[in-house]
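See structure below.
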Number of protein chains: 2
Amino acid sequence: MKKQTMHEFMNITKALADATRVRTLLSLRDGELCVCQITELFGLAPSTVSKHLSILFQAGLVESRKEGRWIYYQLPGKTAPPVIREALDWVIRVNATAPDAIEDSERLSLILKENPADLCKRQCQK
Amino acid sequence: MKKQTMHEFMNITKALADATRVRTLLSLRDGELCVCQITELFGLAPSTVSKHLSILFQAGLVESRKEGRWIYYQLPGKTAPPVIREALDWVIRVNATAPDAIEDSERLSLILKENPADLCKRQCQK
DNA sequence: CTCTCATATCGTTATTTGGCGAAATGAAGA
DNA sequence: TCTTCATTTCGCCAAATAACGATATGAGAG
């Protein structure tokens, strides 16, 4: 078990203190998403979503993977430290039945039916 | 299990997104403290500490009890909803060995040796 | 009742943070 | 090579927040 400073811990709690970032984590529950899919889901500017993802990444709450031109974000695997796994389990379990989360989930399932390439083009032209 | 909105959940994460408030929760680990003891511990203005406690209270992360002129704050008991207990367990377990928390703990043990009445007088005259 | 005193509320100020659009980056395609 | 395009970084603005001191509150003490 890694020794944890309070400063690192505060990076996690600050990352969790924004609704868009919490909704992002919940949306990654069922698998990875690329930036433009998340952008479409929340209706925010790509730069804004990128900033949120960077904050989640620095806190250790998401990992990223590059494939072609896209960058996919996902929840961390089993290598993640316990503090991270516990936080994610808590966030996901508590909000599993929250109306906002269910709405996001429904919109996400529509987005996943679209061709990612079309989605990205639409997002990046805004 | 109570139905949980994301808004209520964000009250909790926002309350946890400040180092002073996290340190306050850790300091209450071993029992209740009155406002002036917490004020002394952190070297902040009484009004600032009061505000922090109010934010923790509204999130459900602390309870309060009035005795004479003092108001004692403590961690919630078994009646607290699971989301709160899980959050507190996580916060306390992860930071148990954090240097900042240990420092606070040492300073707190000195404060607990003092007469509370003297402490309050000193704080409130600042 | 009046005074004291612990705490809470209010008003202000400085800092932080979330949002956007424009420009930079950097890898894949032509 | 030159272009395209997904993402990131930068600069700016508006809103939120933490800090303080001053004032308000309200429950004991005298």
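The values are calculated or read from the model by the stated rules, or taken from the named source; none is laboratory data. Since the model is a prediction, treat every value here as computed from it, not as a measurement. Glycine gets a Cβ as well: all are built from the backbone with ideal geometry, and neighbour counts include every protein chain shown. We work out accessible area using only protein heavy atoms, side chains counted, and drop any ligands, DNA or RNA first. Shrake-Rupley method; radii C 1.70, N 1.55, O 1.52, S 1.80 Å.
Numbers for the structure displayed
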| item | result |
| --- | --- |
| Value of relative contact order over region B:6-119, rounded to a whole percent, pairs C-alpha under 8 Å and six or more apart | 33 percent |
| Surface per residue (accessible, 1.4 Å probe) for chain B, Å² | 54 Å² |
| Calculated Rg and Dmax of chain B using C-alpha coordinates, Å | 14.6, 46 |
| Size of charge dipole - the protein assembly as shown - debye, nearest 20, with Cβ of Lys, Arg +1 and Asp, Glu -1, no other charges | 220 debye |
| Part-to-part distance (alpha-carbon centres) for region A:56-126 and region B:65-118, which is given in Å | 35 Å |
| Shielding score for B:107-114, defined as the mean number of other chain Cβ atoms within 10 Å | 0 |
| Residue-averaged beta-carbon neighbours from other chains (10 angstrom radius) around B:94-101 | 5 |
| Other-copy label distances relative to B:His7, 7 angstrom Cα-Cβ extension, nm | 3.7 |
| Estimated buried accessible area (total), pair B and A, 1.4 Å, Å² to nearest 100 | 2300 Å² |
| Most mobile of A:Leu61, A:Leu53, A:Leu28 in a GNM of chain A (Cα contacts under 10 Å) | A:Leu28 |
| Exam field: A:Lys66 pseudo-label spacings to other copies (7 Å along Cα-Cβ), nanometres | 6.2 |
| Of all accessible heavy-atom area on the protein assembly as shown, the percent that carbon and sulfur account for (1.4 Å) | 54 percent |
| Minimum 50 Å² accessible area buried by the other protein chains, region B:1-20 residues, probe 1.4 Å, relative to alone | B:Gln4, B:Met6, B:Phe9, B:Met10, B:Ala17 |
| Net charge dipole size for chain A [Lys, Arg +1 and Asp, Glu -1 on Cβ; Debye, nearest 20] | 400 debye |
| Exceeding the 31 Å Cα-Cα cut-off - candidates A:Lys14/B:Lys78; A:Lys2/A:Lys51; A:Lys51/B:Lys78; A:Lys3/A:Lys51; A:Lys14/A:Lys78; A:Lys2/B:Lys14 | A:Lys51/B:Lys78 |
